[in-house]
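Undergrad: Okay, here's the structure, questions in a sec.
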Amino acid sequence: MKTSNQLLLLGALSALSPVAVADGPAAPDTANWKCESCKFEQGVSGTLDAGVGSVSDKSSEFGQYNGLYKKGGYFIGGTSVRSRGADGAYWNLDASDLGLDTRSIGAEGGKQGSYKLSFKYDETPHRIGNDALTPFSGNGGASLTLPAGFATTTTAGMPLAASQQQVDLYTQRKMLGVGASWNRTTQWEYAVNFRHETRDGNILRTGGAFFVNTAQLIEPVDYVTDQMDASASYAGRKFQMKLAYYASKFSNGNQALNWQNPYTPIVGETAGQIALPPDNQFHQVSASLGYQLSDKTRASADIAFGRMTQNDSFLGSTQNAALVVPGLPGTSLNGRAETMDANLKLSSAVTDKLRLNALYSHNDRDNQTPQASYPSVATDMFLGTARTNLPYSFTQDKVKLSADYRATSRLRGAIGADFDSNKRSYQEIDTTREDTAWGKISSRVTDKIDLSLKLAHGERRNTGSFQVIPGITPAENPLLRRFNMANRTRETVGLRADIGVAENFNLGLGVDSSDDKYEDSSIGLTSAKDLSVNGDLSWTVSEKTRLHFFANHQVIKSRQAGSQTFSLPDWNADNKDTIDTFGLGVKHAAIKDKLDIGADYAVTRSRSEINVNNGAGNPAFPEVTANLNGLKLYADYRLKENVSLQAGYWHERYDSKDWMTEGIAPATIPNVLTLGLQSPQYSVNVVRLSVRYKF
Amino acid sequence: MANGQTTMTIKKLLFAALLSGFAFGAFAADKPADKAAEPPAPPPSMGTEYTDTGADTCLMCHVEGGDFPVHAIFKTKHANRADKRTPFAPGNLQCEACHGPGKKHADAGGGPDGINSQERSSFLTPQQRNKYCLECHQNGPRTGWHASTHDSNNVACASCHKIHAERDPVLATATQPEVCYKCHRKERADFSKPSTHPVRFGKMACSDCHSPHGSTSTGMLIKPTVNQTCYTCHAEKRGPFLWEHAPVAEDCTLCHHPHGSVNPARLKKNPPLLCQQCHSVAGHPSVARTPAGLPGGGAGGQAFLLAGSCLNCHSQIHGSNHPSGVKLMR
């Protein structure tokens, strides 16, 4: 941290003078507080849901996370049960989506204030595509093979018609968690939680390259992640603390993906091998504490030490037996990165109207992975120059100071300054420093109108000059400034209005804007803007009817420059995304205490405009578009006091166009054998009917 | 340019309107009382005496089905009498533990004066209202509530939590986002974009990544850094890899928008332009890829522009542990 930052922090701390603890009202005599009117819950109660639903069409995109990706019927099942005993004993059971692979079951029980046991099982699908086409066999495994005689020089000559098959791309997460906590006293709590998560499936691996020829491959996913949290917490009136340990262990059932070369080998590259994510671990111990220095001054701090390790066995340098490759410097990496994260925060209500806040935070990732020279084979074809690995380290120090002043009961203002310093190793810029000044004013203009405006101005500057990194070849254009390290001026504006137009009608409006200028970047990102304008309203039309509306308009723009001649910039590109979202929802009690109905309609439209100008008068790229329209109707009809019928209809339509994939069949590009994935389109209807039984 | 001017004009108008609003707010606050009117009533203040019979006093007026129903509290953890920490445990202050001494409020026959209603309309500031909650809940993630982003922006505990509901919507994965969207409207739109985390599908909550009660990390995350937060679900990207991609090891959000994007994989921009923001070495990375590279466009180089673009070959974009993976192709 810079000396100036330390002085600022010390200055702020010295201003945080302790204020005497105010005396509260005298404690009452509660002998007569019988709570005879209190209807404390006892016994078992809950709901059971059962029914059926039907999906009109198969669509991975529609069902990407909701389990409704298959055409046909499905079972609706769920429950929510709770039990309360007189002695504080309790248990809850919640289950939902039992007939889908989004199912979730959670249970918790124990004696409140004494101990708690918990259980959780949860599935989350991610359906990526159901129209992937590939001539490879063995998809889902670690070895992809081709029919004999398949390889040719270009995709056009490949016998795809005879060998192509359709493969679903998806992953399925299944998480099993158990936990326990014990309150030794009202102040001490010990807790431990385990989570075991598997993730299986096939995902798109976008490159199996041999020099200029490549193929999109299907990568197997067979991941297991085990996580554990253990903690001891103390909660006193003035002092709180927590000691914790976190462990995360990742294992991959496949170390590598092997595939046969679909192109005619030139120098013996009949097959390739790509490394899959290696097994790794992370362990972290942490401590956090809070202390009430006085009634008006509080301090909190936390510190965490972590270690990431990765020591999977190395794969061979190449699958090409014709190449003679020097030996590797070891059998595994012994990768290790130490992390240290610390924070110190103080805040004080110096007067009834003025509050001062100060924060210092430090985040460090110290990559201690040993460096060594590794022989390198380019895409199993050519022996290249040996290369030394670059274990990147990052250190961030941040100081944030702010003052909050309540001028009147209706008007508040705040000002602040953030000082952010980032150090990086093996990069073109060693250190960047960003200073941001901000101010905010908020006002309750009338009892029904709240306004707030926040303005911020930030300047990031790097210290030292651009340096060429010896380990990176070929070298980057010296005029390039990577956007995360480049000098930058950032202006942000946040405006918000909340208006109670009437007792039953609330309106909210907001504007968020960010404007970045990279003044000293002649190559790379040179400017970026993001503007969002949004609003929502809620209207209680009558005792029976409520209405809700929201809308958001966003424009994201950026400009970048490049140099085709490895010298001065000679082309630039503009990217503009425009996204409009709006939704309307209505709830209506059609028959009081008997029938509730409702509807939600939501629309999202996006379009991306890309212009690349290299001085040749290029036209713009075709617009990339996506349109999502969704309508949900639902009804809840009470047949009896404890039995209700629930019905729903959901229509969703999506169409998108993206020139990156549109019309790109597996053999469209001569040297890229693609999976032929197309921009998603769908129109799906879902109906559901279920019975809810209350007990 | 015209768009730029329009945007500037809109900004100026908004700014002027806002300043007028603030000026009016300050004026309204400082406006002297009408001299001809009756002496102004004393400003509302908290009562200093507790009721005689605790909750039984409160429940005389706060009946089931009334304008201010409270009875669902008895289905919540706050009303577990066997837990000595709760307001309704024997000897504790029941309703007045959270709402403050209630005699003044009860004697006045109700109304906003004399009581901490925990409502936005209360005469108490959010910080004053929150103090009642923090008396018991200043542990765990709330240790750092003070001066957190939400605290500094006048968020009250009751802005998000429904204490009297049998099930607090903000504590359930499927219903939590709607609570957050009340203020975070832009995020609602983000999660409606074509590529998002599964929040709108009810499979992920805002609090899976964010710590709303106070966190010193960027964006109030549950872990000290962006990447440590992402690794809780994406541990396969943690490494450390033999060949790291520097921005990946530094901050996932340099390339990805975690809430939502119009581009696949929540990318901020599609390749090749995404990659060309940082890569301009001599040869193919520095070449401007124009529509001439589209099918039928007449130029070659489709492999650099279409399908996966740069990732057609450099697919190990998150790092590689292959000895020959220096170019992130193995």
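The values are calculated or read from the model by the stated rules, or taken from the named source; none is laboratory data. Because the structure is a prediction, the values reported are computed rather than measured. Cβ placement follows ideal geometry from the backbone for every residue including glycine, while neighbour counts extend to all protein chains displayed. Side chains are part of the model used for accessible areas, which takes the heavy atoms of the whole protein and leaves out ligands, DNA and RNA. Shrake-Rupley method; radii C 1.70, N 1.55, O 1.52, S 1.80 Å.
Undergrad: Compute the FRET efficiency between residue A:472 and residue B:64 as 1/(1 + (r/R0)^6), taking r as their Cβ-Cβ distance and R0 = 56 Å, and round to the nearest 0.05.
TA: 0.20
Undergrad: State the extension gain, in nm to one decimal, for the chain segment bounded by residue A:491 and residue A:121, taking 0.36 nm per residue of separation less the distance between their alpha-carbons.
TA: Roughly 128.7 nm would be gained on extension.
Undergrad: Mean 1/r over all different Cα pairs, inverted: what Kirkwood radius does the stretch B:239-312 give, in Å?
TA: 13.8
Undergrad: Follow-up question, since we're still on this one. Let me confirm one metric for peptide A:72-85, namely the mean number of other chain beta-carbon atoms within 10 Å of its residues' beta-carbons.
TA: 1
Undergrad: When the helices in chain A are scored as -39500 (n - 2.57) per DSSP H run of 4 or longer and the sum is shared across all residues, what 222 nm value do you end up with, to the nearest 500 deg cm²/dmol?
TA: Value at 222 nm, helices only: -500 deg cm²/dmol.
Undergrad: Hey, another quick one. Interface size between chain A and chain B, please: total buried accessible area, 1.4 Å probe, rounded to the nearest 100 Å².
TA: 13900
Undergrad: Please find the FRET efficiency linking residue A:86 to residue A:537, where r is the Cβ-Cβ separation and R0 is fixed at 41 Å, and quote it to the nearest 0.05.
TA: So the FRET efficiency works out to roughly 0.30.
Undergrad: Collect residues whose amide H, placed 1.01 Å from N in the peptide plane, falls under 5 Å from the amide H of residue A:384; neighbours closer than 5 in sequence don't count.
TA: A:376, A:377, A:378
Undergrad: What are the equivalent ellipsoid semi-axes of the stretch B:159-241, built from the alpha-carbon gyration tensor (square roots of five times its eigenvalues), in whole angstrom, biggest first?
TA: Semi-axis lengths for the stretch B:159-241 are 24, 16, 12 Å.
Undergrad: Now, a different point. For the residue pair residue A:553 and residue A:107, what label-to-label distance in nm results when each label sits 7 Å from Cα along the Cα-to-beta-carbon direction?
TA: 5.4
Undergrad: Please turn the phi angles of the stretch A:249-258 into ³J(HN,Hα) values with the Karplus equation 6.51 cos²θ - 1.76 cosθ + 1.60 (θ = phi - 60°), one per residue in order, whole Hz, x for glycine and proline.
TA: Along the stretch A:249-258, the couplings run 10, 10, 10, 10, x, 10, 7, 8, 10, 10 Hz.
Undergrad: Additional query: Quick one: plug the Kirkwood hydrodynamic radius of chain B (C-alpha pairs) into Stokes-Einstein at 4 °C, 1.567 mPa s, and report D in µm²/s.
TA: 51
Undergrad: Can I ask one more? Rounded to the nearest Å, what's the spacing between the alpha carbon centres of the stretch B:236-312 and the stretch A:486-550? Just the number, please.
TA: When both Cα centres are located, 29 Å separates them.
Undergrad: Now for a separate question. Please label the shape of the stretch A:162-271 as rounded, prolate or oblate, based on the square roots a ≥ b ≥ c of the eigenvalues of the alpha-carbon gyration tensor (a/c under 1.5 means rounded; beyond that, a/b larger than b/c means prolate, else oblate).
TA: Taking the square roots of the gyration eigenvalues as a ≥ b ≥ c, the stretch A:162-271 is prolate.
Undergrad: Partner chain Cβ atoms within 10 Å, averaged over the residues of A:560-566 - can you pull that number for me?
TA: Going residue by residue through A:560-566 and averaging, the value is 6.
Undergrad: Hey, can you grab everything whose amide H is under 5 Å from the amide H of residue A:76? Only 5+ residues off in sequence or another chain; H modelled, so Pro and N-termini drop out.
TA: A:51, A:52, A:53
Undergrad: Here's something else I'd like to know. What residues qualify as long-range amide H neighbours of residue B:221, i.e. H under 5 Å apart, gap of 5 or more or another chain, H built at 1.01 Å from N?
TA: Hits under the 5 Å cutoff: B:211.
Undergrad: Return P(r) of the stretch A:149-204 (all Cα-Cα pairs; 10 Å bins starting at 0; whole %; ordered from short to long distances).
TA: P(r) over the stretch A:149-204, rounded to whole percents: 16, 20, 18, 14, 12, 9, 7, 3.
Undergrad: Taking one equal scatterer on every alpha-carbon of the stretch B:178-330, how large is log10 of I(q)/I(0) by Debye at q = 0.10 1/Å?
TA: -0.46
Undergrad: Right, here's the next one. Points 7 angstrom from Cα along the Cβ direction at residue A:687 and residue A:568: gap in nanometres?
TA: Each label point is offset 7 Å from its Cα along the Cβ direction, giving 7.0 nm.
Undergrad: Using only Cα atoms, locate the centre of the stretch A:606-622 and the centre of the stretch A:148-198, then give the distance between them in Å, rounded to an integer.
TA: Centre-to-centre distance over Cα atoms comes out at 38 Å.
Undergrad: Here's something else I'd like to know. Please pull out the direction-averaged projected area of the stretch A:332-427, using the convex hull of its alpha-carbon atoms, in nm² to one decimal place.
TA: Over every viewing direction, the Cα hull of the stretch A:332-427 projects on average to 9.8 nm².
Undergrad: Mind putting together the pair-distance distribution for the stretch A:584-677? All Cα pairs, 10 Å bins, whole percent per bin, short to long.
TA: 13, 23, 22, 15, 13, 10, 4, 0
Undergrad: Go through B:90-103, B:126-139 and give me the packing order, highest mean Cβ count within 10 Å leading.
TA: Highest mean packing first, the order is B:90-103, B:126-139.
Undergrad: Tell me the label-point distance for the pair residue A:145, residue A:194, using the 7 Å Cα-to-Cβ offset, in nm and rounded to one decimal.
TA: It is 3.9 nm.
Undergrad: Sticking with this structure for a sec: How would the stretch A:433-546 be classified by its alpha-carbon gyration tensor: rounded, prolate or oblate, with rounded meaning a/c under 1.5 and the a/b versus b/c comparison settling the rest?
TA: prolate
Undergrad: Using only the Cα atoms of the stretch A:461-526, build the gyration tensor, take square roots of its eigenvalues as a ≥ b ≥ c, and label the shape rounded, prolate or oblate: rounded if a/c is under 1.5, else prolate if a/b is larger than b/c, else oblate.
TA: prolate
Undergrad: Related question: Label point 7 Å out from residue A:229 along Cα-to-Cβ: which residues of the stretch B:172-207 have amide N under 20 Å?
TA: B:172-177, B:180, B:198-199, B:203-207
Undergrad: Output wanted: per-residue J couplings in Hz (rounded whole) for the stretch B:177-184, from phi through Karplus 6.51 cos²θ - 1.76 cosθ + 1.60, θ = phi - 60°, x for Gly and Pro.
TA: Those phi angles translate into x, 4, 5, 5, 5, 4, 9, 8 Hz.
Undergrad: Pairing the Cα long axis of helix B:2-30 with the longest principal axis of chain B, what angle in degrees results, from 0 to 90 and rounded to the nearest 10?
TA: 20
Undergrad: From the phi of every residue in the stretch A:514-528, what ³J(HN,Hα) in whole Hz does the Karplus formula 6.51 cos²θ - 1.76 cosθ + 1.60 yield, where θ is phi - 60° and glycine or proline is x?
TA: Ordered by residue, 3J(HN,Hα) equals 9, 9, 10, 10, 9, 4, 9, 9, 8, 10, x, 5, 10, 7, 8 Hz.
Undergrad: While we're looking at this one, here's another question. Please give the length that would be gained between residue A:32 and residue A:645 if that part of the chain were fully extended, namely 0.36 nm times their separation in residues minus their C-alpha to C-alpha distance (nm, one decimal).
TA: So the extension gain works out to 216.1 nm.
Undergrad: Using the beta-carbon distance between residue A:373 and residue A:93 and R0 = 51 Å, what value does 1/(1 + (r/R0)^6) give for FRET efficiency, to the nearest 0.05?
TA: The calculated FRET efficiency here is 0.30.
Undergrad: Additional query: Using only atoms on other chains, find how many Cβ atoms lie within 10 Å of each Cβ of peptide B:188-200 and report the average.
TA: For peptide B:188-200, the averaged partner shielding equals 6.
Undergrad: In vacuo Debye scattering of the stretch B:51-166, one point per C-alpha: log10 I(q)/I(0) at q = 0.11, 0.15, 0.16, 0.20 Å⁻¹?
TA: Once normalised to I(0) and log-transformed, intensities are -0.37, -0.70, -0.80, -1.24.
Undergrad: Treating each Cα of the protein assembly as shown as an identical point scatterer and ignoring solvent, apply the Debye formula and state log10 I(q)/I(0) at q = 0.05, 0.07 Å⁻¹.
TA: With one equal scatterer per Cα and no solvent, log10 I(q)/I(0) is -0.34, -0.68.
Undergrad: Could you work out the helix-only [θ] at 222 nm for chain B, with each DSSP H run of four or more residues adding -39,500 (n - 2.57) and the total divided by the number of residues, to the nearest 500 deg cm²/dmol?
TA: -7500 deg cm²/dmol
Undergrad: Need the list of aspartates and glutamates near residue A:632 for cross-linking: C-alpha distance under 13 angstrom, and skip anything on the same chain fewer than eight residues off.
TA: Candidates past the 8-residue exclusion: A:600, A:652.
Undergrad: Still on this model: Leaving out ligands, DNA and RNA, and with a 1.4 Å probe, what % of the accessible surface on the protein assembly as shown is carbon or sulfur?
TA: Roughly 59 percent of what the probe reaches on the protein assembly as shown is carbon or sulfur.
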